[in-house]
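**Q** One structure follows; several queries about it will come next.
The values are calculated or read from the model by the stated rules, or taken from the named source; none is laboratory data. Note that this is a predicted model, so its numbers are computed, not measured. A quick note on method: Cβ atoms are made from the backbone with ideal geometry, for glycine too, and the neighbour counts reach across all protein chains shown.
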Amino acid sequence: MSELLGQGAPNALSTPDIAWMLVATSLVLLMTPALALFYGGLVRAKNALNTMMMSIAALGVVGLVWALIGYSLAFSEGNHWIGGAQYALLRGVGLDAKGSIPHLLYMAYQGTFAIITAALISGALVERMRFGAYMLFIALWAAFVYAPVAHWVWGGGWLGHAGVLDYAGGTVVHVNAAAAALAVALVLGPRRDYGRQALLPHNVPYVLLGAALLWFGWFGFNAGSALGANSGAALAFVNTFFAPMATLVAWMGLDILRTGKATAVGAATGIVVGLVAITPAAGFVSPIGAIAIGALAAIPSYFAILYRARTALDDALDVVAAHGVGGATGALLTGVLASAAWGGTDGALAGNVAQLWRQMLGLVVVAAYSGALTFVLIKVVSVAIPLRTVKRAEATGLDITEHGEEAYSRGEGTVLVLPTPATEPAASLHSVLESST
Amino acid sequence: MKLIVAIVRPECANEVLEALFRAEVRGLTVSRVQGHGGETEPVETYRGTTVKMELREKVRFEIGVSDHFVEPTVRAILDSARTGEVGDGKIFVLPVERVYRIRTGDIDEMAVTPPIPAAE
């Protein structure tokens, strides 16, 4: 997105651009609660709240880290590798123009990306990780993994200079999160029931609702990456409109070929994979190119999910297959299908084979850095806090053991410990009746 | 014939199920129930409301077995459902007057003996 900053009249605030980016920032922020629904529906009922809280907590924890230091490390001028500390605590981030929108709004927009990227990792960790360890981990991860990678590609760092195309974050967000998910899943080890019994989604309608809201938010993610209300945003919007449609149809087709039935969980997964795959390409390919990317992206991710379930890798909600494989497919196909007529750069199909190699470079470097440093960070966290809950807690479910709540409490046989104030006599009468049974 | 009714912790239910299958117990009924067995109540908090969960989730197994199957069935449940803390549950062994298999009309011992797969 950085290369688009120079378009139009630089350093002059534009009212339509500000209006669109205010909306786009809200849309991307909504993706994190949407992810909570998507992930929450995929786990067992006894872990529904814990799983959803992993996404919700990222809104707070990563958001604050972003204000303290993350934004500065990602987007202030530093060197090719990492930004400096001049924007720490948001010093110097004011209402002056960055491109055509206020710098402060640009910072908030980028913050929503950091939040969703950290939350994406949680899909590999669910149903077994201590909540405190998770919160410490994502705080460190946002500062030491997300911020440098964002700097490399978008903040004026070396991958951006090397010509890697990543419109809205196929590499920075999805491949980055997936490599981290792989590292943490390996360190944590599988759930105790993994491979012994089926671990089934407890609420498939939540999964569909989450996928739908992710799609809605993704218009802010991709079309917002144009950083203005312009024709580039319109192209990214339409590509984000079509690519998941193609993936959805391809995924249902694969489902029908394999088992004879199109599944709802498959449809939701297909939509997300399509969104992931079009993310790096959104502003660089034609709408027909987007449909091709969407349809092609279904195949590797579909088979990666089937294969992963047969391995000892308990990447519980398939972050690697959906976001890693999907993001890599999208990033590589960007290098193939990019069109100068639409987005200013040609890909391999138009004769610019070098672009494909640049895309490959970006993928490999980001995956290697993220995987390795995440491994170090999670080991550091494990010194401070044990990473896993005990066996009993895992069997009981983390909602009760980590949060002291249940997602689907029936309220029978409950006794008030701290009665509500006497101004609500009905409530306390009710509690007396409850306790007498 | 006996009817074995076992009330166990939900977190142990899968292990009980595995142990029963290993002991070749094929026919059983499982239901989620709520009950109280003297264990300490966990505390949950919803906004300002803190509550003690006096009734706990439990899982009830009901298994009709022929007499020589009682011992291995009870043994399997005892071994798999025990954590050593209050609230592990109970096993009741009840006499049974009559058992019918609805599909065939088989009575008593025949009705609680799994059919030989080859015969089906």
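**Q** State all residues of the range A:219-249 that are surrounded by fewer than 22 Cβ atoms within 10 Å (Cβ to Cβ) and within 17 Å of residue A:301 (Cα to Cα); if no residue qualifies, say none.
**A** Passing the criteria: A:245, A:249.
**Q** Please state which of the following conditions residue A:314 fails to meet, knowing it meets all the rest: (1) part of a loop (DSSP other than H, G, I, E, B); (2) farther than 16 Å from residue A:125 by Cβ.
**A** The single condition residue A:314 does not satisfy is (2).
**Q** To continue, here is another question. Which of the helices (runs of 4 or more DSSP H) contained wholly in the range A:26-145 include at least 3 residues that are under 17 Å from the mean Cα position of the chain (by Cα) and small (Gly, Ala, Ser)?
**A** Working: elements: A:48-65, A:71-75, A:103-121, A:131-141.
Of the helices (runs of 4 or more DSSP H) lying wholly inside the range A:26-145, those with at least 3 residues that are under 17 Å from the mean Cα position of the chain (by Cα) and small (Gly, Ala, Ser) span A:48-65, A:103-121.
**Q** Next question, about the same structure. Within the range A:351-395, track down each residue that is surrounded by fewer than 19 Cβ atoms within 10 Å (Cβ to Cβ) and within 11 Å of chain B (Cβ to nearest Cβ).
**A** Of everything in the range A:351-395, those that are surrounded by fewer than 19 Cβ atoms within 10 Å (Cβ to Cβ) and within 11 Å of chain B (Cβ to nearest Cβ) turn out to be A:391, A:392, A:393.
**Q** From A:256, A:299, which residue is in a helix (DSSP H, G or I), under 26 Å from residue A:203 (Cα atoms), β-branched (Val, Ile, Thr) and without any contact (Cβ under 8 Å) to a residue 12 or more places away in the chain?
**A** On the way: A:299 fails: without any contact (Cβ under 8 Å) to a residue 12 or more places away in the chain.
From the options A:256, A:299, the qualifying one is A:256.
**Q** What is the one condition in (1) at pLDDT below 95; (2) buried (at least 20 other Cβ atoms within 10 Å of the Cβ); (3) of a type outside the set (Phe, Trp, Tyr) that residue A:128 does not satisfy?
**A** The number of the failed condition is (1).
**Q** Something else: For the list (1) free of Cβ contacts under 8 Å to residues at least 40 places away in the same chain; (2) in a helix (DSSP H, G or I); (3) in contact with a Phe, Trp or Tyr (Cβ under 9 Å, 6 or more places away or on another chain); (4) not hydroxyl-bearing (Ser, Thr, Tyr), I need the number of the one condition that residue A:262 fails.
**A** (2)
**Q** Among the residues of the range A:404-419, write down those that are surrounded by fewer than 17 Cβ atoms within 10 Å (Cβ to Cβ), in contact (Cβ under 8 Å) with a residue 40 or more places away in the chain and at the interface with another protein chain (Cβ under 9 Å from one of its Cβ atoms).
**A** If the condition is that a residue be surrounded by fewer than 17 Cβ atoms within 10 Å (Cβ to Cβ), in contact (Cβ under 8 Å) with a residue 40 or more places away in the chain and at the interface with another protein chain (Cβ under 9 Å from one of its Cβ atoms), then A:405 is the only one that fits.
**Q** Quick one: which strands (runs of 3 or more DSSP E) lie wholly within the range B:17-108 and hold at least 1 residues that are away from chain A (no Cβ under 14 Å), touching a residue at least 60 places away in the same chain (Cβ under 8 Å) and surrounded by 15 or more Cβ atoms within 10 Å (Cβ to Cβ)? So that I can check it myself, show each step before the final result.
**A** Numbers: elements: B:29-35, B:43-46, B:49-53, B:56-65, B:89-95.
Ranges flagged: B:56-65, B:89-95.
**Q** Under the condition of being among the polar types (S, T, N, Q) and within 23 Å of the chain's Cα centre (by Cα), which residue from the range A:234-262 is nearest to residue A:304 (Cα to Cα)? Give the steps one after another, and end with the answer.
**A** Initially, the range A:234-262 is screened for residues among the polar types (S, T, N, Q), giving A:239-240, A:247, A:259.
Filter once more, so that each one left must be within 23 Å of the chain's Cα centre (by Cα): A:239-240, A:247.
Values: A:239: 24, A:240: 23, A:247: 15 Å.
Among residues in the range A:234-262 that are among the polar types (S, T, N, Q) and within 23 Å of the chain's Cα centre (by Cα), the one nearest to residue A:304 (Cα to Cα) is A:247.
**Q** Scan A:282, A:277 and give me the residue that is touching a residue at least 60 places away in the same chain (Cβ under 8 Å) and not in a loop (DSSP other than H, G, I, E, B). Quick ask: steps written out before the conclusion?
**A** On the way: A:282 fails: not in a loop (DSSP other than H, G, I, E, B).
On inspection, the qualifying residue turns out to be A:277.
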